[in-house]
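What follows is a set of notes on a single structure, which appears directly below.
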Amino acid sequence: MAQQNNFILGLSAYYHDAAAALICDGEIVAAAQEERFTRKKHDPGFPANAVRFCLGEAGLQLADVAAIAFYDKPLLKFERLLETYYAFAPRGLRSFLMSMPVWIKEKLFQKRLLWDHLEEVAGPARPGTPLLFPEHHLSHAASAFYPSPFDEAAVLTIDGVGEWATASLCHGEGTGMRILKELKFPHSVGLLYSAFTYFLGFRVNSGEYKLMGLAPYGDPDSEQVAEFERRIHEELIDVAPDGSIWLNQDYFDYATGLRMVREDRWQRLFGMPRRDHADELEMRHCNLGLAIQRVTEDIMLKMAAEAKRLTGSRNLCLAGGVALNCVGNGKLQRSGLFERVWIQPAAGDAGGALGAALAAWHLHLAGARTPCGPLDRMRGSLIGPDTTEKDTLRMIRRFSAEGERIEDFDRLCARVAEIMESGAVVGWVQGRMEWGPRALGNRSIIGDPRSPEMQRKMNVNIKYRESFRPFAPSILAEEAGEYFDLRGADSPYMLLVADVLERHRKPLPDGYGSMSVREKLYTLRSSLPAITHIDFSARVQTVHRDVNERYWRLLSAFKERTGCPAIVNTSFNVRGEPIVCTPEDAYRCFMRTDMDALVVGDYLFEKRRQPPWPEDRRWKEEFVLD
Amino acid sequence: MEFLKELFAFFMERKKWWLLPVVLVLLVLGLLLVFAGQSAVAPFIYTLF
């Protein structure tokens, strides 16, 4: 088998979001992020478990693999570090002294390190097996273009930083890819957004979602938002017509320091101190969030316009951490610049593992592209570890769980729909796990979106996270246009934000724009209040029968019972925990929270029938809050 | 040895010879660190690492 097929293993590791991906002759076989196995969020270590899983999916040893691809070039990154320290000297001496030992002892010798780890996990490689290092942004671009449904497309990648590049603009045609333009460190859209994430009291690298969710609480008509935007443009950033940016390093500290921003200068600029994560969220924080979100969207649109100008393409592919800004993605899609927009579901650094493997296949080995599936070549992003009945039975035995097996899947869906209609929250685990940060109906917590109490209940009693954070809907693809302004676009990976249509909205009270966060939160805004954000937007997942049939059938059962074709879908985890992987992870999470029922495969577990859970509430300390 | 070859190839490709002395000094320093057995502390900002 190994002689006939070219298996390529892609890796991302040693920074954050370590992951592995396996492709066979260009076709995606398996991919997973290490955090799902180790239960350590954003695990940066070598992805030993993910490699074991990926190779195991195809019954391979390392000796069967034709090539290995790592998602960036360590030496080029080291060059960037040295040049940056030189350019900023003597500023940055402390961070230089801290970072150099790490590089000198480990990171410079990554090739040896990778081989050692790989051989420890999967046996010796075939002599001469190449270990390739495609550039960071090329890996992102490959992850965006090659699995997309397009034969030709403009490819835009935007993130914090790779080696030197912080954004790139490529043109993909058939199996080829050309880099047309790059934006280089320290000027970075991702780092700009992270700087505001930090200033507003959220954690860099994971709190960016929160900032995006917070922004709509700002008052779009207020003088303060306009003033913040003006100050950002005057002092922090220059945006060129092509979307490239220049950041005033007098205000930032990430290049050589140990913090994102120079807080004293930011305090003077915005007239407020850095928010501590425990501080109450005030209107000024929301307004600043809204201002930077608008600036980011403006840059994304300008970059996309430049991509259009340079390639003339009708299609756009996106990847890189900033491509997880689904509000910006939604605006880009609605701008009409491109007829079709496709976004890699694992747009962050984990996705680089898949991109590196695809780049190796298409660009290094000149391999052909595989036939396109119903929507694209990603197989619905359901390419992670599977849930087998054996795993479920092992979980039942281990926890003495009381489950009911319902073999008739339609009957199971009807039962779950009935449970959800009663206002209950259900954990839903089926088949292969999702690749990427979004749960897409195989490791999800689901509920009734019509319930006005659902958002608060899920945030406070289930996910243990901030009450302002919105939830997203899954909706039958064929019904999506009846509820959301998607303009015909599919959003199978929950990466587009679209407005709830006017006819489903409720009239807002006077002075809504200037209400406090809490007042806005508890205002009924639509017939689907649990998934309608403050500004009537929703991060939509369109569910397609030929992509995830079981989830589609569940939504159909809910529609049949209630008339509503949408449900709330949030990732199956609590705050700070990676998404559950195995039935055991799922049952543990189910019992630790106020979830009412759990479905794993064909088994239904109702909370009231379960034996008492022995753990006390101290388990929360297990996860570092994000 | 393989690492030194790669480093040389990297410099040939990038033509940034002015970085060579810095790298060599750092490598010597690195050897000292290894022999001294000090641990490397990784701060949190990922642009540095």
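The values are calculated or read from the model by the stated rules, or taken from the named source; none is laboratory data. This structure is a prediction, so every number in the text was calculated from the model and none was measured. Note: ideal-geometry Cβ built from the backbone for every residue, glycine included; neighbour counts use all protein chains shown.
Brief remarks on what is shown
- Positions within segment A:577-598 being farther than 16 Å from A:I446 by Cα and not in a loop (DSSP other than H, G, I, E, B), in sequence order: A:P583, A:E584, A:D585, A:R588, A:R592
- Filter result for A:G271 (buried (at least 17 other Cβ atoms within 10 Å of the Cβ), small (G, A, S) and over 30 Å from A:A154 (Cβ atoms)): no
- Take the conditions (1) assigned to a helix (DSSP H, G or I); (2) touching a residue at least 40 places away in the same chain (Cβ under 8 Å); (3) closer than 22 Å to A:H364 by Cβ; (4) within 13 Å of chain B (Cβ to nearest Cβ); A:R80 misses just one of them, which is (3).
- Elements of the type helices (runs of 4 or more DSSP H) sitting completely within segment A:163-253 and holding at least 3 residues that are at pLDDT 95 or above, surrounded by fewer than 20 Cβ atoms within 10 Å (Cβ to Cβ) and on the phi > 0 side of the Ramachandran plot: there are none.
- Contact annotation: residue pairs with Cβ atoms under 6 Å, 6 or more positions apart or on different chains, pairing a residue in segment A:543-558 that is closer than 21 Å to A:A424 by Cβ with a partner that is part of a helix (DSSP H, G or I) and aromatic (F, W, Y), are A:V543/A:Y551; A:V543/A:W552.
- Residues of segment A:432-486 classified as at pLDDT 95 or above, part of a loop (DSSP other than H, G, I, E, B) and under 20 Å from the mean Cα position of the chain (by Cα), total: 11
- For A:G257, the requirement of being at positive phi, among the small types (G, A, S) and in a loop (DSSP other than H, G, I, E, B) is not met.
Here is a yes/no grid of residues against (1) more than 8 Å from chain B (Cβ to nearest Cβ); (2) closer than 25 Å to A:A360 by Cα:
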residue: A:Y71; (1), (2): yes, yes
residue: A:A89; (1), (2): yes, no
residue: A:L93; (1), (2): yes, no
residue: A:M98; (1), (2): no, no
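A quick yes/no check of all residues on (1) surrounded by fewer than 22 Cβ atoms within 10 Å (Cβ to Cβ); (2) not in a helix (DSSP H, G or I):
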{"site": "A:A323", "(1), (2)": "no, no"}
{"site": "A:Q333", "(1), (2)": "no, no"}
{"site": "A:P345", "(1), (2)": "no, yes"}
{"site": "A:G348", "(1), (2)": "no, yes"}
{"site": "A:G352", "(1), (2)": "no, no"}
{"site": "A:G355", "(1), (2)": "no, no"}
{"site": "A:L358", "(1), (2)": "no, no"}
{"site": "A:L363", "(1), (2)": "yes, no"}
